[in-house]
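**Q** Sharing a structure below in structure tokens format, with a few things to ask.
The values are calculated or read from the model by the stated rules, or taken from the named source; none is laboratory data. Everything quoted here is computed from the prediction, not taken from an experiment. A quick note on method: Cβ atoms are made from the backbone with ideal geometry, for glycine too, and the neighbour counts reach across all protein chains shown.
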Amino acid sequence: MTITLLMNVKEGLAEEFVSGLPALIRETSSSPGARSVPSFRNGESANAILSIEEWESEEAFRKYITWRTERGDMERLGQMMSLPPEIATWSTATRALS
């Protein structure tokens, strides 16, 4: 399952967000069911981050999001976003993020 997320970070928070990406990518990549998690910065907008995540199943992704939500990570992510993430792959798991 491929999940493509376009995240627009609030003005002034892009550098903080981007500086945390390597640790986030390592953590996500080592999660059960994750296959790859590259992220890219949009050259046209310093505040736009594109993430393309490969998961072996919707269930693996759902468990990962539940774990991140319980840790408070999703709340912090919401505080950093200027808009809800744009998600290209829709499933019951990704609908909960929008």
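**Q** Applying the selection to region 35-77, what residues are at pLDDT 90 or above, hydroxyl-bearing (Ser, Thr, Tyr) and in contact with a strand residue (DSSP E or B) (Cβ under 8 Å, 6 or more places away or on another chain)?
**A** Within region 35-77, Tyr64 is the sole residue that qualifies.
**Q** Working only within region 37-62, note down all residues that are of a type in the set (D, E, K, R) and farther than 18 Å from Leu83 by Cα.
**A** Hits for region 37-62 are Glu53, Glu54, Glu56, Glu58, Glu59, Arg62.
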